[in-house]
Amino acid sequence: MRELLTQSLVAWRLTGGVCAAGDGAILVCCGQHRIRVEPAPADVPFRWMVTNGDRRRGAISLVAVLRQVRATLEPGYASVRAQVTAFPLVPP
């Protein structure tokens, strides 16, 4: 997750940093934003919790985490839904 978020900042052409917190969370720092990504507790229907300031939201997948992080860091970015599926191999 840490490397994915680090490379995402690079791909999005944003200057910032990603580091691991001592409690297992990942911290994304970019501009005035401080975003905390951590595994969700077992009693909620999410895999991850994303916290920005006093706002805490659940995310069901890595894609959802990336969408929330980017929406926070680039409020004007128009997100596009992507669907990833497996296709049969095409012979050469």
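Just so you know, all these numbers are worked out from the coordinates, no wet-lab data involved. As the structure is a computational prediction, the values presented were derived from the model and not from experiment. Every residue, glycine among them, receives a Cβ derived from its backbone with ideal geometry; neighbour counts consider all protein chains shown.
Table for the structure above
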{"read-out": "Under the Karplus curve 6.51 cos²θ - 1.76 cosθ + 1.60, θ = phi - 60°, whole-Hz ³J(HN,Hα) for segment 15-20, x wherever Gly or Pro sits", "value": "8, x, x, 10, 9, 8"}
{"read-out": "Cα-centred dipole magnitude for segment 2-73, charges only on beta-carbon of K, R (+1) and D, E (-1), debye, nearest 20", "value": "260 debye"}
{"read-out": "Degrees separating the helix 2-11 axis from the principal Cα axis of the chain, which is the longest one", "value": "70 degrees"}
{"read-out": "Value at 222 nm in deg cm²/dmol, rounded to 500, when DSSP H runs of n ≥ 4 in the chain each add -39,500 (n - 2.57)", "value": "-7000 deg cm²/dmol"}
{"read-out": "Difference of contour (0.36 nm per residue) and Cα-Cα distance, Ala11 to His33", "value": "6.1 nm"}
{"read-out": "C-alpha long axis of helix 62-73 to longest principal axis of the chain, angle in °", "value": "50 degrees"}
{"read-out": "Extension reserve of the Val44-Arg57 stretch, reckoned as 0.36 nm per residue once the Cα distance is removed", "value": "3.6 nm"}
